[in-house]
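Each value in this text was obtained by applying a stated rule to the coordinates, not by laboratory testing. Owing to the predicted nature of the structure, the values given are computational and were not obtained by experimental measurement. Here the Cβ is made from the backbone with ideal geometry for all residues, glycine too, and neighbour counts use every protein chain on show.
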Amino acid sequence: MPPATDGQEMGEAAMAELAINTDTSGVATIAMRDPAGRNAFDAPLRAALAEAFTALFADPAVAAIVIGAETGNFSVGGNLAQLFEYQPGQDGYRVMKSAHELPALLARSDKPVIAAIGGYCMGAGAGLALLCDTIVIGRSGAIGFPFVKLGLVPDCGCSWTLARRIGPAAARQALMRAHTFQADEAMATGLADALVDDDAVWSHARERAAELAAMPAQALAQLRTMLRHDQAQLLAALEAEALNQAICFGSPDLQARIAAFRSKAGRN
């Protein structure tokens, strides 16, 4: 868990979903706080994260940000139960465009963001982590891309960011096989940048953030601008993902998997 520090002012929506703190070193922490430990990437969580990141990016006292889970899993990905409500075509496209506002926001940031991954980091949650500058993962953590297995295509930028992390050939295989990387494999392939004991994930992520926060801010911001020179490609990938995901929302494969999920959950 992140340490208790000086509270950061946020709106009610963000504070309901997140625990947000900033310390005197310029490091801010965002802890997703789903009491079930799942942190499903639904609309309320996305809105809360967008509000929090927007405020922290604009705060001159904040130089680096750590994002993780207060307890349990980093994120199990999208809320499968909600997919039943989405319609193919324009409605699905609208949903995806809204969901992709957060990835676009992170892509524009000039402040470094570190992902502190404990437990599962799946689907859209993995997309969020891949948009971070540094990924710290606990030994029992896992990063997975189950989209195709569910009858979906990758979203939240995964179709572009994963290849930037581990190379095009490895990313192609991971996405087409709906592969889940256990912590050791994530570290070996370059998907993660640091592998630590589970109880050290937050502390190590904050150490990484403090190191970056101590760097000359202007030079670091310019470096990040240089490293994201092909940002237009990410935006194009997000658009392609939104269009194709909207089609998948109406596929028989997805509907069958949603029905099985609802039956298992006792909601038929």
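The tail of the calculated P(r) for the chain beyond 23 Å holds 50 percent of all Cα-Cα pairs. Compared with the dominant principal axis of the Cα atoms in the chain, helix 90-99 is inclined by about 20°.
Rg and Dmax of segment 142-224, based on Cα coordinates, read 15.5, 45 Å.
This model, with +1 at the C-beta of Lys and Arg and -1 at the C-beta of Asp and Glu, gives segment 6-264 a dipole about its Cα centre of some 840 debye. Among LEU80, LEU238, LEU105, the order by Cβ neighbours within 10 angstrom, fewest to most, reads LEU105, LEU80, LEU238. When segment 6-264 is described by a simple charge dipole with +1 on each Lys and Arg Cβ and -1 on each Asp and Glu Cβ, the residue from GLN182, PRO35, ASN21 located farthest towards its positive end is GLN182. Compactness ratio for segment 93-134: Cα radius of gyration over 2.2 N^0.38 Å (N = residue count) comes to 1.23. Ordered by the count of other Cβ atoms within 10 Å of each Cβ, fewest first, GLU17, GLU51 give GLU51, GLU17. In this structure, ASP110 and THR24 have a Cβ-Cβ separation that, at R0 = 30 Å, corresponds to a calculated FRET efficiency of about 0.90. Dividing the Cα radius of gyration of segment 71-176 by its Kirkwood radius returns 0.96 for Rg/Rh. Over segment 172-268, the pair-distance histogram of Cα-Cα distances with 5 Å bins from zero comes to 2, 9, 8, 12, 14, 16, 16, 11, 6, 4, 2, 0 percent, rounded to whole numbers. Label sites at ALA61 and SER98, each approximated as a point 7 angstrom past Cα along Cα to Cβ, lie 3.3 nm apart. The sum of -39500 (n - 2.57) across all DSSP H runs of n ≥ 4, divided by the residue count of the chain, sets its helix-only mean residue ellipticity at 222 nm to -14500 deg cm²/dmol.
For the chain, the relative contact order works out to 21 percent when only alpha carbon pairs closer than 8 Å and six or more residues apart are counted. Residues LEU243, LEU175, LEU227, arranged from fewest to most other Cβ atoms within 10 angstrom of their Cβ, appear as LEU227, LEU243, LEU175. Legend: translational diffusion of segment 101-260 by Stokes-Einstein, Rh = Kirkwood radius over C-alpha pairs, 25 °C, 0.890 mPa s; D = 149 µm²/s.
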